[in-house]
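**Student:** Take this structure, written in structure tokens, and hold onto it; I'll ask about it next.
The values are calculated or read from the model by the stated rules, or taken from the named source; none is laboratory data. Note that the coordinates shown come from a computational prediction; the quantities given were computed from them, not determined experimentally. Note: ideal-geometry Cβ built from the backbone for every residue, glycine included; neighbour counts use all protein chains shown.
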Amino acid sequence: MKNNSIPPYKKKDKYVSFEARFTAQHRHQLSIKEECGVFGISDNKDAAALTALGLHALQHRGQEGCGIVTYDNVNFHLERRLGLVGDNFTKSQTLEKLSGSMAIGHNRYSTSGRDTMRNVQPFYADLHGGGVSIAHNGNLTNAIMLRESLVKDGAIFHTTSDTETIVQLIARSKKNMIVEKIIDALWQIQGGYALTMLSNEMLIGIRDPFGIRPLILGKLDHSYILASETCALDIIGAEYVRDIENGEIVIIEKGKLKSIKPFPIRAKRPDVFEYIYFARPDSLLEGQCAYEYRKNLGEQLAKECGVRPDVVVPVPDSGVPAALGYSQAAGIHFELGLIRNHYVGRTFIQPSQNIRSLGVKLKLNANKSSIKDKVVVLIDDSLVRGTTCHKIIKTLYHAGAKEVHVRIASPEIKFPDFYGVDTPTKKELLAANKSNEEICEYIGAKSLKFLSLDGLYKAMGHEKRSAESPQFTDHHFTGDYPVKPLDHLNDDKITQLSLLSLASNQ
Ligand code: AMP
């Protein structure tokens, strides 16, 4: 039996419910579909090639697999591959198969060891009334519950992805029109999601009611474009029009865009981690560059966590903008004290244990000339398990640094994520289990400080966090989950999670 298949009925069992056969591990595997990238384009003779370019710009959001679906007014065409966009969609043979002027595409996040090809998106299904294709960034928080009742009702699932639940719900809707069927399905799902969909002659973009996952709208001549981030517009010379609003559905048909909001209006709460880490620094978030937000975080960090080092050193590449902000605010030299090898690919053959014990540094090496005998402040955007930091500090000391102080440009991550970010279980989150002093000792730093929650909101341009209606989804730090993680309430992933902190609005 494969690792992630559901255990079969045992002969002696009279009836074992689907729920009972589902271990926490299966739940986790089912819901794995992390920070992916989505794209869509209408009315363009080069739809497939432009989608490939858009996905290439969004490659940082997922490297495990990629796919494109096109529609040529008669047929849908689907090509899905494991690996990077550049390795799969540059060949003219692949793109030539994708004829049509409408397309959607998807990048899937890397999750090693899990069943892969069948979960690569976009998914396609022939439904009553025509074909529908879907690409999804995010994670549904009630997919397992829905799946259980769908399976009981006779639905046959082909993947372990929560996205297929949406397809099944659309297929089973008794409504007549495809948009009505989709709305019917959306009423039933919960979680964080940004979707691009393609039906006969319609390109559709959907953002969840809180706007947890991002989706933006762009234009290239007569073509509308939907994408996870604006960097996908820049690569094809398209202009940024606006962010898709929370709870908004945009329907692009025959060159015209229609916007509807069929659900109760909620206050927008985008995931603050897009601002801190996920989005490419050159992407706009709500019209402002992610790079600027991150510099502000570094600047605020310098104000809060003053240490007078000789040099400010970023963890490449995630800590670079915050380190620049820190260095400018504190008036201390910024130095590339760590050099990254950009050619560490997924296919790199891991050295044997023997060679590894020599301390082979595949990805990062210390730049001795800029840190030797210096008091270093090391800046990163976030601390999760602490493994990166631990290794880097060792490397810096080994290269001659006098003192290494660590400053993190976000607060302590104490709570897991259920909306599409691959943060580990509470057990593995360092800050959920250790005090500041214990973490400092574990990573081997001279001192350690995190940005305060107030400081995070200040850097984001808000006076303070609004208690009644927080401006962001910030559960990573606060445990305040805007949507209850129904599928996981009994998992160890949220052991000790204060359910009282769950907002009661779902
Ligand atoms: P860790 O070594 O586990 O503490 O991870 C911290 C590093 O991982 C930081 O450099 C972050 O930029 C990066 N990081 C934070 N969140 C994620 C995520 N969800 N997926 C991959 N990397 C992440």
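**Student:** Residue pairs, Cβ under 8 Å, 6 or more apart or interchain, first in segment 379-393 and at pLDDT 90 or above, second within 6 Å of the ligand (Cβ to nearest atom) and small (Gly, Ala, Ser). List them.
**Tutor:** ASP380/SER318; ASP381/SER318; SER382/SER318
**Student:** Go through segment 106-132 and give me each residue that's buried (at least 24 other Cβ atoms within 10 Å of the Cβ) and at pLDDT 95 or above.
**Tutor:** Across segment 106-132, the qualifying residues are HIS106, ASN107, GLN121, PRO122, PHE123, VAL132.
**Student:** Looking at LYS391, LYS361, which is the one that is within 9 Å of the ligand (Cβ to nearest atom) and more than 26 Å from ASN137 (Cβ to Cβ)?
**Tutor:** On the way: LYS361 fails: within 9 Å of the ligand (Cβ to nearest atom).
After applying the criteria, what remains is LYS391.
**Student:** How many residues are under 22 Å from HIS398 (Cβ atoms) and buried (at least 24 other Cβ atoms within 10 Å of the Cβ) when one looks only at segment 323-337?
**Tutor:** 2
**Student:** Take the residues in segment 312-322 that are within 11 Å of the ligand (Cβ to nearest atom) and touching a residue at least 40 places away in the same chain (Cβ under 8 Å); name whichever of them is surrounded by the most Cβ atoms within 10 Å (Cβ to Cβ). I'd like the intermediate steps shown before the answer.
**Tutor:** Taking segment 312-322 as the starting set, the residues that turn out to be within 11 Å of the ligand (Cβ to nearest atom) are 314-320, 322.
Among the residues that remain, those that are also touching a residue at least 40 places away in the same chain (Cβ under 8 Å) are: 314-316, 318-319, 322.
Details: PRO314: 26, VAL315: 23, PRO316: 19, SER318: 19, GLY319: 25, ALA322: 33.
Across segment 312-322, the extreme among qualifying residues is ALA322.
**Student:** If a residue must be more than 17 Å from the chain's Cα centre (by Cα) and either within 16 Å of the ligand (Cβ to nearest atom) or not in a loop (DSSP other than H, G, I, E, B) (or both), how many such residues does segment 278-290 contain?
**Tutor:** 2
**Student:** In segment 414-448, what count of residues is obtained for those that are away from the ligand (no atom under 15 Å from the Cβ) and either surrounded by 16 or more Cβ atoms within 10 Å (Cβ to Cβ) or not assigned by TED's automatic domain parsing to the domain that holds GLY298 (or both)?
**Tutor:** Of the residues in that region, 1 qualify.
**Student:** List every residue pair whose Cβ atoms sit under 6 Å apart, with the two residues 6 or more apart in sequence or on different chains, where the first one lies in segment 140-164 and is surrounded by fewer than 24 Cβ atoms within 10 Å (Cβ to Cβ) and the second, anywhere, is in a loop (DSSP other than H, G, I, E, B) and at pLDDT 95 or above.
**Tutor:** Partner pairs satisfying both residue conditions: ASN142/GLN190.
**Student:** To continue, here is another question. Which residue pairs have Cβ atoms closer than 6 Å, lie 6 or more positions apart in sequence or on different chains, and pair a first residue in segment 300-311 that is at pLDDT 95 or above with a second residue that is among the basic types (Lys, Arg) and in a loop (DSSP other than H, G, I, E, B)?
**Tutor:** That search, which allows pairs on different chains as well, returns ASP310/LYS374; VAL311/LYS374.
**Student:** Could you tell me whether any residue of segment 33-56 is within 18 Å of the chain's Cα centre (by Cα), surrounded by fewer than 24 Cβ atoms within 10 Å (Cβ to Cβ) and at pLDDT 95 or above? Quick ask: steps written out before the conclusion?
**Tutor:** Kept after step one, since they are within 18 Å of the chain's Cα centre (by Cα), are these residues of segment 33-56: 33-40, 54-56.
Filter again for surrounded by fewer than 24 Cβ atoms within 10 Å (Cβ to Cβ), leaving 34, 56.
Applying the additional criterion that residues be at pLDDT 95 or above yields 56.
The answer is yes, given that some residue of segment 33-56 is within 18 Å of the chain's Cα centre (by Cα), surrounded by fewer than 24 Cβ atoms within 10 Å (Cβ to Cβ) and at pLDDT 95 or above.
**Student:** Please work out if SER101 is over 16 Å from ALA194 (Cα atoms), more than 18 Å from the chain's Cα centre (by Cα), assigned by TED's automatic domain parsing to the domain that holds PRO262 and modelled with pLDDT of 95 or more. Working first, answer last.
**Tutor:** Values: over 16 Å from ALA194 (Cα atoms): yes; more than 18 Å from the chain's Cα centre (by Cα): yes; assigned by TED's automatic domain parsing to the domain that holds PRO262: yes; modelled with pLDDT of 95 or more: yes.
Yes: the conditions hold for SER101.
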